[in-house]
Amino acid sequence: MKARVLIVDDEPVICRGLRLTVPWEEIGVEIIGEAYNGEQALAIVQKTPVDVILTDVRMPSMNGLELVEILHREDYRIKMIILSGYDEFTYAKKAIRFGVRDYLLKPVDVDELMEVIRRLVLEIKKESAGQAGLETAEGSDRKGVSPTPEHTERTEGKLYPRELEKRLLEYLFQHRHDDLRQTVDHLFAYFSQHHYSFEDAFQVCLEILMLVHRRFRETACLKDLAPQLSNPSNVQGSKSLTSLMHMFWGTLAKTSELLKRGSVGKNRWIIQRVKNYMLENYHIELKSRELAEMIHVTPNYFSSIFKQETGKSFNEYLNEIRIEKAKEMLITTTELVGTIALTVGYNDYKYFSNVFRKYCGVVPSEFRELSKV
């Protein structure tokens, strides 16, 4: 039986991006629908079985935390994951109080989300088989189970570091060495303040290094570091947080340097995906911000690597694709110029004509006549 997942976000492009970029079938998940605010999600939940909800925080009508609170209050047996663009611990603390299982920051890392979902799918299977042992006889016929104090404490212990994990990966990806170091310091300060054992802190570091390894394994420059990333258990020789921090920072610093040298290859792979998408969808409205969201990078970073890889801005590249398609149609068909403009993605004929002149030196009708000579 597949886990039934509902995606809740007021931006359809986010819902579409999550559907397209995550291999749901591989991790035993069926997407049963999308909702664009908490009220729509609640209506779906009331008439359709749902195992997991991925929800944004800020939405119209009913926001994500209000949805979580209602489902918690009414004892629904649904595992909740918050997807938020807001890096605020107050959200996280409130989410924990209502039994949220994870709090992930946008742009969402696909590997990280898949790991969270895999874990929840296993829990759902165990619960279905009666192996979880989390319910008392008194509460066995409730629709949902509130987390025990022990579970809440464990969740709270791991929730905030997950936000720091997101920053670490972002700074590593963007080669922001000073920010990377500062975030490592914050992470280990958090370990100390919350009395993490060596084993618990090590587990967090291990998960981060494994995520780094999975995310960047396509990059040839990491071959020399792969053994260390894929087997970081060497650190267990000295069981102190200080030694763990030195090892962890050393590995990340070396990884950052190697990625900086080989980032062209990684960026090329990302932008190639975008270029393929643009070639297939040039005829519809495309915005750089939406494509950035679909591949889970920030808009500014997307613009930077797109220009770096293509030598052109996103809009320049899109216009070139559309104008080339228009030229083909002007030569090979008898369609009206206005129809061709609409077909290749321009709703404004005058704008299309101006762009065409910019790239070809003549307006579309002149180009068609010249091509007959």
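Of the helices (runs of 4 or more DSSP H) lying entirely inside the stretch 303-373, those containing at least 1 residues that are basic (Lys, Arg) are 314-332, 349-360, 364-372.
Would you point out the residue of the stretch 253-295, among those that are outside any helix (DSSP H, G or I), aliphatic (A, V, I, L, M) and modelled with pLDDT of 85 or more, that is farthest from Leu318 (Cα to Cα)? Step by step, filter the stretch 253-295, then rank; the result is Ile284. The C-beta contact set for the stretch 330-347 (first residue over 14 Å from Phe367 (Cα atoms) and touching a residue at least 60 places away in the same chain (Cβ under 8 Å), second residue among the aliphatic types (A, V, I, L, M) and not in a loop (DSSP other than H, G, I, E, B), distance under 6 angstrom, 6+ apart or interchain) comprises Val344/Ala326. Screening the candidates Tyr103, Tyr76 for the property of being at pLDDT 80 or above, out of contact with any Ser or Thr (no Cβ under 6 Å at 6 or more places or on another chain) and aromatic (Phe, Trp, Tyr) yields one hit, Tyr76.
Number of residues in the stretch 5-16 that are under 15 Å from Thr55 (Cβ atoms) and in contact with a helix residue (DSSP H, G or I) (Cβ under 9 Å, 6 or more places away or on another chain) equals 7.
Which residue is surrounded by the fewest Cβ atoms within 10 Å (Cβ to Cβ), if the candidates are limited to the stretch 330-372 and must be under 26 Å from Lys287 (Cα atoms) and of a type in the set (Phe, Trp, Tyr)? Per the criteria, the residue is Tyr351.
When we screen Lys79, Lys47, Lys125 for residues that are touching a helix residue (DSSP H, G or I) at 6+ places or on another chain (Cβ under 6 Å) and of a type in the set (Lys, Arg), the only hit is Lys79. Please give the number of the condition Lys47 fails out of (1) of a type in the set (D, E, K, R); (2) in contact with a strand residue (DSSP E or B) (Cβ under 7 Å, 6 or more places away or on another chain); (3) at pLDDT below 90. With (1) of a type in the set (D, E, K, R); (2) in contact with a strand residue (DSSP E or B) (Cβ under 7 Å, 6 or more places away or on another chain); (3) at pLDDT below 90 applied to Lys47, the lone miss is (2).
Assess whether Leu120 counts as being more than 19 Å from Val50 (Cβ to Cβ), in contact with a Lys or Arg (Cβ under 6 Å, 6 or more places away or on another chain) and either crowded, with 19+ Cβ neighbours inside 10 Å or modelled with pLDDT of 85 or more (or both). Here the answer is no, as Leu120 does not meet what is asked.
Could you check the stretch 12-76 for helices (runs of 4 or more DSSP H) lying wholly inside it with 3 or more residues that are closer than 17 Å to Asp102 by Cβ?
Working: elements: 12-21, 38-47, 64-73.
In the stretch 12-76, the matching helices (runs of 4 or more DSSP H) lie at 64-73.
The values are calculated or read from the model by the stated rules, or taken from the named source; none is laboratory data. No experiment lies behind these values; they were computed from the predicted model shown. Neighbour counts are summed over all protein chains in view; Cβ atoms, including those assigned to glycine, are modelled from backbone coordinates with ideal geometry.
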